Amino acid sequence: MNQKNRSLVTLEDLDKEKILHLLDQAAKFESNPNRKILDGKIVATLFFEPSTRTRLSFETAVNRLGGRVIGFSDAATTSSTKGETLKDTIMMVSNYADLIIMRHYLEGAARYASEVSPVPIINAGDGANQHPSQTMLDLYSMKKTQGRLEDLNIYLVGDLKYGRTVHSMLQAMRYFNPTFHFIAPSELQMPEEWKDYCRHYGIKFHESTEFNEDIIADADILYMTRVQKERFSDLLEYERVKNTYILHRDMLCKAKPTMKILHPLPRVNEISQDVDESPMAYYFQQAKNGLFVREALICNSLDIQI
Ligand code: CP
């Protein structure tokens, strides 16, 4: 957490103790999500890119805690279309709100907003860079299903180049001795800078382009991701790679019984519908966990104790 203004831009803002504390807070919210502790607080949700889960779960969190929400889900209806800068937009909204939750298509936009904003910023996704609140709910889901965060075998599958959630996950898991398996087509491999990050922190990782029942047999967590069509400048390349990996139910035949399948969602076709009925499918519950985790993150940014 950036203590200067309590923003959450990246997982680098949270140390291990803080991550574990926030997960504990989230568990309290899961036991009772309705607490009127944001009375008089206004939270702005500024979404310059589409969202279903992140925006609605943040807004639900504010509503369940008794605060109020302002904002937009379509930047085309705002004065940014008239040329207003991001800085001016942030300065204006900070006149009205106590906390700004922002998704933006530019990498680094949340960092910049946190530097100019007098109120805290929570990064709800900046381009292909980071999605820290998603990672916090991913950690919550892993801890809840595996009983621990330490020593997990985590398979990241799909678009590891543009998928911002997998980048944030590397940062968060550096405290917990994971072994990562990066499974991606050659065009969508984990970027070198993130592999350097793993080397720097001693995070173990293996890379593969193969995806089958034998490869995933020792997974604790199978983290599927969508190929991020909106990040491709060449749509022909997207068409070439979009169906590379599809998880079918019969591919789970050798998986550990305790293994869980996560996905930040939305999915397109990378998890076939027949997987939904498997006890290993956890992605809808994972999205539900986002509410409790975001309640904790909002209270933390507003310095409200529970
Ligand atoms: N996981 C996630 O960020 O989903 P949305 O794009 O629907 O917010």
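The values are calculated or read from the model by the stated rules, or taken from the named source; none is laboratory data. This one's a predicted model, so the numbers in the text were calculated from it and none came from an experiment. Here the Cβ positions follow ideal geometry from the backbone for every residue, glycine too, while neighbour counts run over all protein chains shown. We work out accessible area using only protein heavy atoms, side chains counted, and drop any ligands, DNA or RNA first. Shrake-Rupley method; radii C 1.70, N 1.55, O 1.52, S 1.80 Å.
For the reader, a short list of remarks on this structure follows.
- Identity of the residue in segment 233-243, of a type outside the set (D, E, K, R) and open to solvent by less than 60 Å² (accessible area, probe 1.4 Å), that ends up nearest to residue 209 (Cα to Cα): 241
- Residue in segment 262-280 that is within 16 Å of the ligand (Cβ to nearest atom), touching a residue at least 40 places away in the same chain (Cβ under 8 Å), closer than 24 Å to residue 30 by Cβ and part of a strand (DSSP E or B) present: yes
- Within this structure, residue 168 passes the test of being assigned to a helix (DSSP H, G or I), within 16 Å of the ligand (Cβ to nearest atom) and in contact with a His (Cβ under 8 Å, 6 or more places away or on another chain).
- Residues (free of Cβ contacts under 8 Å to residues at least 40 places away in the same chain and among the aliphatic types (A, V, I, L, M)) located in segment 281-292: 281
- Taken over segment 200-227, the criterion of being buried (at least 19 other Cβ atoms within 10 Å of the Cβ) and among the polar types (S, T, N, Q) is satisfied by 225 alone.
- Top-ranked residue of segment 105-133 - restricted to ones that are buried (at least 19 other Cβ atoms within 10 Å of the Cβ) and away from the ligand (no atom under 16 Å from the Cβ), ranked as nearest to residue 58 (Cα to Cα): 121
- Residue ID - most open to solvent (accessible area, probe 1.4 Å), chosen from residues in segment 148-198 that are without any contact (Cβ under 8 Å) to a residue 60 or more places away in the chain and β-branched (Val, Ile, Thr): 179
- Some residue of segment 117-127 being polar (S, T, N, Q), touching a residue at least 40 places away in the same chain (Cβ under 8 Å) and under 15 Å from residue 47 (Cα atoms): yes
- Selection within segment 244-299 - of a type in the set (S, T, N, Q) and either open to solvent by 70 Å² or more (accessible area, probe 1.4 Å) or in contact with a His (Cβ under 6 Å, 6 or more places away or on another chain) (or both): 258, 272, 273
- Residues located in segment 22-75, provided they are touching a residue at least 40 places away in the same chain (Cβ under 8 Å) and within 13 Å of the ligand (Cβ to nearest atom): 45, 47, 48, 49, 51, 52, 53, 54, 55, 57, 58, 60
For every residue, the table says whether it meets (1) out of contact with any strand residue (DSSP E or B) (no Cβ under 8 Å at 6 or more places or on another chain); (2) more than 15 Å from residue 143 (Cβ to Cβ).
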{"position": "8", "(1), (2)": "no, yes"}
{"position": "15", "(1), (2)": "yes, yes"}
{"position": "19", "(1), (2)": "yes, no"}
{"position": "25", "(1), (2)": "yes, no"}
{"position": "32", "(1), (2)": "yes, yes"}
{"position": "40", "(1), (2)": "yes, yes"}
{"position": "45", "(1), (2)": "no, yes"}
